[in-house]
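One structure is given here, and the rest of the page talks about it.
The values are calculated or read from the model by the stated rules, or taken from the named source; none is laboratory data. Note that the structure is predicted; figures quoted are calculated from it, not measured. Every residue, glycine as well, gets a Cβ built from its backbone with ideal geometry; the counts of neighbours run over all protein chains shown.
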Amino acid sequence: MPSYIGTATSRVDGRAKVTGTAKYAGEFGASDLVYGAVVESTIPKGRIVRIDVSDALRVDGVIDVLTHENRPHMAEAPGAWKDEVAPDVGSPFRPLYDDIVMFNNQPIALVVADEWETARFAASLVRVDYERAAHATDLYAVRDTVRDLQKPFKSSKPRGNASAAYAAAAVRHEAEYYIPIEHHNPMELYASTAVWNGDGKLTVYDKTQGVQNVQRYLCSALGLSSDDVRVMSEFMGGGFGSGLRPQYQVVLATMGALKLQRSVRLVLTRQQMYELCFRPATIERLALGATTDGSLESLTHEAIAVTSHYEEFARDDTTWADGLYTCANTNYSHKVARVDLCTPSDMRAPGATTGVYALESAMDELAVALKLDPIALRLRCYSEREQGEDLPFTSKALRECYREGADAFGWDKRSPEPRSMRDGSELVGWGMATGVWEALQVPITARITLTANGHAEVACATSDIGTGTYTVMAQVTADALGLPIESITVKLGDSTLPQSPVEGGSWIATSIAAAIGTTADAVRAELLRRAQQMPKSQLAGMSPDNVTLTNGKIVSKQNPSHSALIADVMRHGKMDRIVQETTAKPNDIGKYARNTHSAIFAEVKIDEQLGIIRVTRVVSAIAAGRILNTKTGHSQIMGSVVWGIGMALHEETLIDHRFGRIMNANVAEYHMPVNADVHDIKVIFVDERDDIINPLGMKGLGEIGIVGVAAAIANAVYHATGKRVRDLPITLDKLQR
Amino acid sequence: MARTSTAARPSKQTIPTQDKISIALTVNNVERTLQVSPWTTLLDALRDHLELTGTKKGCDHGQCGACTVLVEGRRIISCLTLAVMKDGAKVTTIEGLAANGALHPLQQAFIDHDAFQCGYCTPGQICSAAGLLAEGKAKTVNEIRELMSGNICRCGAYPNIVAAIQQAMGQTGEKS
Ligand code: FES
Ligand code: FES
């Protein structure tokens, strides 16, 4: 029987995706379907004095216009709007709740018409008078209003005395780094189709990373009972964190369907998606003090990130060094400053992507000051234990990442002086950085239905947002039941399936693999129990641990000639199927730090006259335990590296702060890497055996691939040019200034 | 097409939208007639009128390439094309590439090379690549990269997309 775990198995949903049959949220129809279009505020802050929808209503084909004045009932209490991943502090945004405007492009009306072009046209006829209030959207302008978190992170206790140690250190580096607002920009537009089922019940097809989260949220916010709403998301055209929380279009579409008692589809425009959520702009200050041989004596990392006025969103940027470097004196602080924008959100490795960019840029600058090779500095400070709580790691093969990454890159041929390497008219720069992320696991439930014909269905309400969940679920189930992968059907993205938290944080693959494992154990135990009831059973007296399932049989491990055909067992038991469902919780492994690690090496080539920067090569060496699927896993890391290129060189949301309005809310002027921007990317999974973290020794891959990439590129740009740009993205003009 | 009645509302004069125009399209070798407004794009005609949702909308502004289809064998951006402009034309969408259940070589190559993650840009990438192959211009990896740069993949599958296109071109994948 082939084993699928650990192999380069092609996506089981690949055919659906390449033939156009995979259906996304805005693609479901209904015979009574009508279309919505959103009207947005044109001021960043204030109050709606008057909203005139009369012209919109006169448009031939318009059915209704919903505003705060005529919308259906919704919950008043802010708590009713808190979803599973809402910030603890603050009150979530309630679309069309009242006349208050909290950010520019806030949705203030929903036009519903028989065609979407009509709805869009009518939306342009809604007239609004406002009372404006003073606003601020620039982090630098509100920097002096910065405040401590109302709900501080657990992990940021100071160690030793960082400022005294800094003052006394032989070699010091201090600098400020800046990461602008970035937007997720998944290729699929945010969309919801709320299908009115006639009996007052709704099926809502939604673009989300968590169908059960959305389902509970809709019930709570709109006062529906749990069996009134089913939320579906079998395919999602990218999330990257933007679909962790329910987005406003699902509320509007559902409200429209409730009010009109018919099916409503609402697809946002690309521009509207810029006011859903974003990665917060962050200022990072690093102060590093070291001995002349490169031992870290003092490490201060302070971050100030934006949040909205109505919620405190914060992810820790500042404690990542604890998983990487030994240092006796540290001071970490993460603070927020409020601006008149919507609440920021998680975006690929939140906290780490930004914080480690700053940390690893600063480490590079320290290496320059010490005249030390950047890898040598990192090895000098290498921590064998997590520093914050002084814990051992379940595993940490970061040394192997440095070594294998450096070998593959050819790092030993680097000449350390800036501007010392060239290729024709181009300056060549080589830079490196470290990455770190958490290896998380969450409680999740899997159901397996094994039928007598040798087919199995595995089901869970989780999502596949492109991460490969369908495929890894099929692989793990096939191995556990001893079936070919073609005999496995995977069901996910349906709120009526067994429970799952939102898909994010790199926790789903590991968690669902564990749940499938325990569920398959239950299937095997049940089959064995039934087999042992058969006359003259060859398996009498055996325990479930003594047998495996393979090729449609239950087989004794000790004596493979002792077996029973699963089909016979079921026939004898007069069953056509066995159904088992179990929940796997993170196993209690005691006090360990659980992390993934990486080393990233980047080559840039820069036209000396024009300043054009190309990232010609990236090597990413990843330590993430056992890799479930090397093919889809490779794609996750490669895609993350592309994100790192975008972060380093392209991505920046530009706001005209006079109007508090985003200027480049489209995918042409918000620059993202395109095919020609991406050259060689080599992904290495280093061998990292982890017998502690979970039975499969897995850690998750969704986030680790982006962490450190922007720093490696920024360090390469410095090496090429001798110019240190500390505010991202590194654009041509910044090299000239 | 009959419109949903708006007569139930107060009798103020309605603001008319646009009169429908009848057009014919040969989509994936099937002749279709449809009634569309002048402002309806080819993309919306395919997705909303013909229920061919394999063609994707990622921006509606000609910036992302998700809506790429083949018209008379040439790749075009269907969100920047009004349906009425293509009356009588022959359109091929992602749904029409596989022949008799056998995947088009590009479709198979995209699966083999894992040239996607979420799959949302994929129909556009594949149609664009089919157009690229027909153009016969791209010879090197850098030319493929350049000539595929109108199709954004936020999942960042670019190197695999290039490898898949090379496979479909019958190249070895070694060339750079
Ligand atoms: S939808 Fe047509 S180019 Fe983006
Ligand atoms: S596969 Fe997700 S955007 Fe390309």
Okay, strands (runs of 3 or more DSSP E) sitting entirely in the range A:52-168 with 2 or more residues that are within 14 Å of chain B (Cβ to nearest Cβ), I get A:62-67, A:107-113
Qualifying residue in the range A:647-657 (condition: within 14 Å of chain B (Cβ to nearest Cβ), farther than 16 Å from residue A:614 by Cβ and within 16 Å of ligand 2 (Cβ to nearest atom)): yes
The residue that is farthest from the chain's Cα centre (by Cα), considering only those in the range A:61-85 that are surrounded by fewer than 18 Cβ atoms within 10 Å (Cβ to Cβ) and among the charged types (D, E, K, R), is A:69
Taking the range A:169-194 and the residues there that are more than 16 Å from ligand 2 (Cβ to nearest atom) and within 14 Å of another protein chain (Cβ to nearest Cβ), the one that is surrounded by the most Cβ atoms within 10 Å (Cβ to Cβ) would be A:193
I'm checking my understanding of the structure. Among residues of the range A:664-677 that are surrounded by fewer than 18 Cβ atoms within 10 Å (Cβ to Cβ) and at the interface with chain B (Cβ under 8 Å from one of its Cβ atoms), which one is farthest from residue A:105 (Cα to Cα)? A:676
Residue tally, condition assigned to a loop (DSSP other than H, G, I, E, B), among the hydrophobic types (A, V, I, L, M, F, W, C) and within 9 Å of chain A (Cβ to nearest Cβ), over the range B:90-140: 7
Can residue A:25 be described as touching a residue at least 24 places away in the same chain (Cβ under 8 Å), in contact with an Asp or Glu (Cβ under 7 Å, 6 or more places away or on another chain), within 30 Å of residue A:198 (Cα to Cα) and within 14 Å of chain B (Cβ to nearest Cβ)? yes
Right, residue A:728: crowded, with 24+ Cβ neighbours inside 10 Å and more than 29 Å from residue A:8 (Cβ to Cβ) or not? yes
Where a residue in the range A:118-136 is over 30 Å from residue A:306 (Cβ atoms) and its partner, wherever it lies, is of a type in the set (S, T, N, Q), with Cβ under 6 Å and at least six apart: A:118/B:17
Condition (residue is away from ligand 1 (no atom under 16 Å from the Cβ), within 29 Å of residue A:652 (Cβ to Cβ) and in the same structural domain as residue A:70 (by TED's automatic domain parsing)) applied to the range A:211-233: is it met by at least one residue? no
Tally up the residues in the range B:71-83 that are away from chain A (no Cβ under 13 Å), out of contact with any Asp or Glu (no Cβ under 9 Å at 6 or more places or on another chain) and away from ligand 1 (no atom under 11 Å from the Cβ), please. 3
At least 2 residues that are within 28 Å of residue A:14 (Cα to Cα) in each: list the strands (runs of 3 or more DSSP E) lying fully within the range A:481-586 that qualify. A:488-491, A:547-550, A:577-584
Please work out if residue A:247 is farther than 25 Å from residue A:65 by Cβ and either away from chain B (no Cβ under 14 Å) or free of Cβ contacts under 8 Å to residues at least 12 places away in the same chain (or both). no
Mind telling me which of the residues A:405, A:355 ends up being assigned to a helix (DSSP H, G or I), within 21 Å of residue A:440 (Cβ to Cβ) and small (Gly, Ala, Ser)? A:355
How many residues are over 28 Å from residue A:627 (Cβ atoms), in contact with a helix residue (DSSP H, G or I) (Cβ under 7 Å, 6 or more places away or on another chain) and among the small types (Gly, Ala, Ser) if we restrict to the range A:1-53? 3
Has the range A:195-207 got at least one residue that is more than 30 Å from residue A:20 (Cβ to Cβ) and away from chain B (no Cβ under 14 Å)? yes
Considering only residues that are within 11 Å of chain A (Cβ to nearest Cβ) and away from ligand 1 (no atom under 16 Å from the Cβ), look in the range B:36-67 and name the one that is surrounded by the fewest Cβ atoms within 10 Å (Cβ to Cβ). B:51
Exactly one of B:16, B:10, B:38 is modelled with pLDDT of 95 or more, more than 15 Å from the chain's Cα centre (by Cα) and either within 19 Å of residue B:121 (Cα to Cα) or more than 16 Å from ligand 2 (Cβ to nearest atom) (or both), and that residue is B:38
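Residue-by-condition table, conditions (1) over 23 Å from residue A:694 (Cα atoms); (2) among the basic types (Lys, Arg); (3) crowded, with 22+ Cβ neighbours inside 10 Å; (4) within 14 Å of another protein chain (Cβ to nearest Cβ):
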site	(1), (2), (3), (4)
A:458	no, no, yes, no
A:466	yes, no, yes, yes
A:484	yes, no, no, no
A:502	no, no, yes, no
Residue B:106 being within 16 Å of ligand 2 (Cβ to nearest atom) and either out of contact with any Asp or Glu (no Cβ under 9 Å at 6 or more places or on another chain) or on the phi > 0 side of the Ramachandran plot (or both): yes
Among the listed residues A:297, A:302, identify the single one that is within 26 Å of residue A:172 (Cα to Cα) and free of Cβ contacts under 8 Å to residues at least 40 places away in the same chain. A:302
Residue count, the range B:119-151 (criterion: more than 15 Å from ligand 1 (Cβ to nearest atom) and within 20 Å of residue A:702 (Cα to Cα)): 1
Test result for residue B:155, at pLDDT 95 or above and not in a helix (DSSP H, G or I): yes
Suppose the filter is touching a Lys or Arg at 6+ places or on another chain (Cβ under 9 Å), away from chain B (no Cβ under 14 Å), farther than 25 Å from residue A:271 by Cα and of a type in the set (Gly, Ala, Ser); does residue A:221 pass it? yes
Selected residue (criterion: nearest to residue A:137 (Cα to Cα)) from residues of the range A:280-310 that are surrounded by fewer than 23 Cβ atoms within 10 Å (Cβ to Cβ) and acidic (Asp, Glu): A:302
Which residue is nearest to ligand 2 (Cβ to nearest atom), if the candidates are limited to the range B:65-96 and must be touching a Lys or Arg at 6+ places or on another chain (Cβ under 8 Å) and under 24 Å from residue A:120 (Cβ atoms)? B:66
Which of the residues that make up the range A:625-667 are of a type in the set (S, T, N, Q) and not in a strand (DSSP E or B)? A:630, A:632, A:635, A:636, A:640, A:653, A:664, A:666
Which is surrounded by fewer than 24 Cβ atoms within 10 Å (Cβ to Cβ), at pLDDT 95 or above and away from chain B (no Cβ under 14 Å), of A:687, A:680, A:691? A:687
Would it be correct to say that residue B:153 is farther than 18 Å from residue A:679 by Cα and within 16 Å of ligand 2 (Cβ to nearest atom)? no
